[in-house]
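Nothing in this text is a laboratory measurement; each read-out follows from the coordinates by a stated rule. What you see is a predicted model, and the numbers here were worked out from it, not measured in a lab. All Cβ positions, glycine included, derive from the backbone under ideal geometry; neighbour counts span all protein chains shown.
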Amino acid sequence: MKKALFPGSFDPITNGHVDIIERASEIFDEIVVGVANNTSKNGMFSLAEREALVKASVASQTNVSVVTINGLTAEYAQDHGIQTIIRGLRNAQDFMYEEPIAQMNTVIGDLDTMFLLAKPQNTMLASSMIKEVAQAGGDVTEFVPAPVAKAMQQKLMR
Ligand code: ADP
């Protein structure tokens, strides 16, 4: 059974992430989405909230599971018999960021990274930009799954 891990901050999950998950789930028998406790990023949602929103957004996909990852991604993959990491690429800048991480994961975890290119209509979707648009009062419903749009609205009303 071929399993792959799609790790990320998912703060929050966007339609770009969902597309990568859907496409990867057609290539592998099982996709584990790993919501990382990324301390270097200034988050809008807690780890538990991000996990719940990913779960709600992929609920219809039977071969996708969602977990939280507290330590090293490579360690999680090794501990769970996963040999492939999935990441999405929107542009060359993403590749510049991803390449050393992928190489490091090869060295420390003997892991392969498979990159899927973002769909053209998703290349401008970034969690950070969507948060900025929402915080400025803009409508983000066309960029994120419905449960995320609702959660962002609730968060910003507080
Ligand atoms: P991280 O903090 O680990 O980069 P993100 O949630 O920002 O976590 O991104 C997780 C993965 O999803 C990364 O590989 C990123 O390049 C990819 N990604 C982000 N936005 C999109 C998008 N719109 N289309 C395709 N892939 C994306």
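Could you go through the range 53-63 and let me know if any residue there is more than 13 Å from the ligand (Cβ to nearest atom), without any contact (Cβ under 8 Å) to a residue 12 or more places away in the chain, out of contact with any strand residue (DSSP E or B) (no Cβ under 7 Å at 6 or more places or on another chain) and under 21 Å from Lys131 (Cα atoms). Looking through the range 53-63, none of the residues is more than 13 Å from the ligand (Cβ to nearest atom), without any contact (Cβ under 8 Å) to a residue 12 or more places away in the chain, out of contact with any strand residue (DSSP E or B) (no Cβ under 7 Å at 6 or more places or on another chain) and under 21 Å from Lys131 (Cα atoms).
Pull up the range 143-158, narrow it to residues that are of a type outside the set (A, V, I, L, M, F, W, C) and either without any contact (Cβ under 8 Å) to a residue 60 or more places away in the chain or touching a helix residue (DSSP H, G or I) at 6+ places or on another chain (Cβ under 8 Å) (or both), then point me to the one that is surrounded by the fewest Cβ atoms within 10 Å (Cβ to Cβ). So that I can check it myself, show each step before the final result.
Step one: filter the range 143-158 for residues of a type outside the set (A, V, I, L, M, F, W, C), giving 145, 147, 150, 153-155, 158.
Okay, now just the ones that are also either without any contact (Cβ under 8 Å) to a residue 60 or more places away in the chain or touching a helix residue (DSSP H, G or I) at 6+ places or on another chain (Cβ under 8 Å) (or both), so 145, 147, 150, 153-154, 158.
On the way: Pro145: 21, Pro147: 17, Lys150: 14, Gln153: 13, Gln154: 9, Arg158: 4.
Among those residues, the one meeting the criterion is Arg158.
Taken over the range 70-99, the residue count meeting the criterion of being over 22 Å from Pro145 (Cα atoms) and either among the small types (Gly, Ala, Ser) or near the ligand (Cβ under 10 Å from one of its atoms) (or both) is 13.
Working carefully through the options Phe6, Phe45, Phe10, find the one that is in a loop (DSSP other than H, G, I, E, B), under 12 Å from the mean Cα position of the chain (by Cα) and within 25 Å of Val140 (Cα to Cα).
Numbers: Phe6 fails: in a loop (DSSP other than H, G, I, E, B); Phe45 fails: under 12 Å from the mean Cα position of the chain (by Cα).
Answer to the check: Phe10.
Looking across the range 105-142, just one residue is more than 27 Å from Gly71 (Cα to Cα), hydroxyl-bearing (Ser, Thr, Tyr) and free of Cβ contacts under 8 Å to residues at least 12 places away in the same chain, and that is Thr141.
When residues in the range 116-158 are screened for being more than 10 Å from the ligand (Cβ to nearest atom) and of a type in the set (S, T, N, Q), 4 of them pass.
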